[in-house]
1. Could you work out the relative contact order of the chain? I mean the mean sequence separation of Cα pairs under 8 Å and 6+ apart, divided by the number of residues, in percent.
2. Can you tell me the 0 to 90 degree angle between the C-alpha axis of helix 209-227 and the longest principal axis of the chain, rounded to 10?
3. To check you understand DSSP bridge types, tell me what percent of the beta bridges within the chain (both residues inside) are antiparallel, rounded to 5.
4. Report, to the nearest 10°, how far helix 63-74 tilts away from the longest principal axis of the Cα atoms in the chain, using its own Cα long axis and a range of 0 to 90°.
5. Would you mind computing the Rg to Rh ratio of the chain from its alpha-carbon coordinates, Kirkwood style for Rh?
6. Can you work out the Karplus-derived ³J(HN,Hα) for every residue in the range 87-99? Use 6.51 cos²θ - 1.76 cosθ + 1.60 with θ = phi - 60°, whole Hz, and x for glycine or proline.
7. I need to check one value: relative contact order of the range 176-231, counting alpha carbon pairs closer than 8 Å and at least 6 residues apart, in percent.
8. As I understand it, the dipole of the chain uses +1 on the Cβ of Lys and Arg and -1 on the Cβ of Asp and Glu, about the Cα centre. Which of A210, V168, P97 lies farthest toward its positive end?
Amino acid sequence: MRFDIVTIFPEFFGVLDVSLLGKARRDGVLELGVHDLRQWTHDRHRTVDDTPYGGGAGMVMKPEPWGEAFDALLGPDEDAAGTSDAVVVFTTPAGTPFTQSLARELAAERRIVFACGRYEGIDARVVEHVATRARVLEVSLGDYVLNGGEVAAMAMIEAIGRLVPGVVGNPESLVEESHESGLLEHPSYTKPRVWRGLEVPGVLHGGNHAAVAAWRREQALERTRRVRPDLLPDGDGAERTASRQP
Ligand SMILES: NC(=O)c1ccno1
């Protein structure tokens with residue numbers, strides 16, 4: 001899997017040199033290219049934005065630098081029809097929600113190019129143009145607005161990258177995670193058995209694996225009902241949904 005990131009703040013992504021993703025890059029399991037959008041500007045001030053047509057506050061990112069960036073990044077991969085097998089992700093609050101299932105879907109891709117907008121966003125023609133050359137996704141990290149797309153891209157790269165085979169040492173650890181089974185993860189405990197008067201549930205150190213599995217399942221259901229009833233099938237979450245009405 002290769003990630004490419006286009007941003008006006010390339011230094012933002014230095015953190016991807018550490019931890020699991022950094023090791024995966026050193027092991028050759030993941031590749032990462034971080035590209036400064038300003039390398040595709042040609043004026044003295046390396047301008048990447050301008051005032052919005054139709055007026056309004058803020059600035060909009062100009063299409064020309066982005067067009068040249070995608071020429072450089074998608075060009076070598078394009079087939080005779082001018083189509084790349086890369087997936088291009090624009091991180092934006094106006095996108096579809098990023099979920100664990102989308103992360104798993106994208107972890108199977110060969111290459112993902114992240115376009116990190118700033119200011120009031122990127123000229124809409126850029127998405128329209130790139131969609132003629134590659135699969136384009138506009139994806140949101142959540143229903144809130146950040147100052148730019150970099151934090152969202154970082155989170156998505158971590159969520160996707162860790163699912164790529166060979167990145168996480170023990171793939172089993174990816175199975176019992178929140179949202180993998182459609183439920184939130186059960187609570188976890190480690191030594192000491194008693195800490196500040198709080199004891200680890202007896203079932204977990206009783207040695208009965210079937211009882212542990214049943215307890216964990218029930219705990220995952222209870223936690224999901226309490227914290228995220230929206231994740232449960234309507235029939236199961238309806239009571240709490242009703243009780244949550246004003
Ligand atoms: N919610 C988001 O993904 C986002 C991206 C840029 N600003 O907000």
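1. 18
2. The answer is roughly 60 degrees.
3. 15
4. Once rounded, one gets 70 degrees.
5. Radius of gyration over Kirkwood radius for the chain works out to 1.07.
6. 3J(HN,Hα) across the range 87-99, in whole Hz: 9, 9, 10, 8, 8, 7, x, 8, x, 6, x, 7, 10.
7. 43
8. Positive-end residue among those listed: A210.
The values are calculated or read from the model by the stated rules, or taken from the named source; none is laboratory data. This is a predicted model, so every value here is computed, not measured. Ideal geometry is used to build each Cβ from the backbone, glycine not excepted, and the neighbour counts take in all protein chains shown. Protein only, heavy atoms only, side chains kept; ligands, DNA and RNA dropped before computing areas. Shrake-Rupley method; radii C 1.70, N 1.55, O 1.52, S 1.80 Å.
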